Amino acid sequence: MTPRFPRSLDSKSSIKGAIYFNTDINWINRDGPFPIIRYSTKGPRRRIQKCSSVILAFPPTLSALQAAHLDLSPAERHVFGPVGVNDYYSGATRVQTLFSLVLRVVSLSPITPLDATGEPVAFPRISPASDVATAWSRGPYRGQQTLEQAKELLKATLSKLNRDPLVADATATLVTNAVVLVFRKWGYSPHFDTERLACEWYEKFNKL
């Protein structure tokens, strides 16, 4: 959250004032000429901040907007209600593969997307000073896949590849929960479905 940032956010603007991390937004009021945010940083004390603008940097789904304690109007509920997202996962795992080795799933056709199964689609170890590799997984659109299901796919896939490829007879090492340092789920690629676009949904969006 950045209090007192400029009204005009063009290429010449800069953020002025403090930047708060680990901050809980308790309430956002947009009834007056300026948005007012009530927030708390540490402890029970709450602060009030008048802002020139409010910028929300996350997928505009109803659940995310409500989690920000934004008081939505009926028109906003109507427009943002149909927004759908893909499940997307990222993680960091200790591995035995080589530094700079990037394993990536490739589609059979350049116009055909990868299957959105929740399995890792890319797996690089990017630092010579660390045995930690990052992995990205693409999950289903509007899916019901859980974080644990995707994590099991991560471990199963990486367990087949967790070896030094320069050693011909090296055996892949099983990837367990102990070496998965972090694994998280995100909402990715928010968009309206074709049926909504056919109903001029972006005109509704622009009128907001």
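Points worth noting:
- Segment 15-107 shape via C-alpha gyration tensor axes, a/c threshold 1.5: oblate
- The string of couplings for segment 36-50 from the Karplus curve (6.51, -1.76, 1.60, θ = phi - 60°) is 10, 10, 9, 9, 9, 9, 10, x, x, 5, 10, 10, 10, 9, 8 Hz, one whole number per residue in order, with x for Gly and Pro.
- Paramagnetic reach from T117 (point 7 Å along Cα→Cβ, amide N under 12 Å) across segment 130-154: 138, 153-154
- Charges were assigned to the Cβ only: +1 to each Lys and Arg, -1 to each Asp and Glu. The resulting dipole of the chain about its Cα centre is roughly 1040 debye.
- Options [x] 11.8; [y] 16.9; [z] 13.1 - which one matches mean projected area of the Cα convex hull in nm² as calculated here: [y]
- Summed over qualifying helices (DSSP H, 4 residues or more, each -39500 (n - 2.57)) and divided by its residue number, the chain shows a 222 nm mean residue ellipticity of -5000 deg cm²/dmol.
- Derived scalar couplings between HN and Hα for segment 62-78 equal 4, 5, 6, 5, 5, 5, 7, 6, 8, 7, 7, 7, x, 5, 5, 4, 5 Hz in order, rounded to whole Hz, by the Karplus curve 6.51 cos²θ - 1.76 cosθ + 1.60 (θ = phi - 60°), x for Gly and Pro.
- Normalised convex hull volume, segment 77-184, alpha-carbon set, Å³ per residue: 134 Å³
- Cross-link reach is defined here as a Cα-Cα straight distance under 26 Å, omitting same-chain residues fewer than 8 places apart; for K50 the lysines meeting it are K12, K16, K42, K207.
- Within straight-line reach of K151, meaning a Cα separation under 16 Å, sit the following lysines at least 8 residues removed in sequence or on another chain: K160, K185.
- Between the beta carbons of W136 and I36, assuming R0 = 30 Å, the FRET efficiency works out to 0.20 to the nearest 0.05.
- Distance (nanometres) between label positions extended 7 Å along Cα→Cβ at Q96 and N22: 3.8 nm
- Taking segment 86-191 and dividing mean pair separation by its residue count, relative contact order in percent (alpha carbons under 8 Å, at least six apart): 39 percent
Every read-out reported here was derived from the displayed coordinates using simple, explicitly stated rules and does not represent laboratory data. Source: prediction; values computed, not measured. Because the Cβ atoms are built from the backbone with ideal geometry, glycine has one as well, and the counts that use them run over all protein chains shown.
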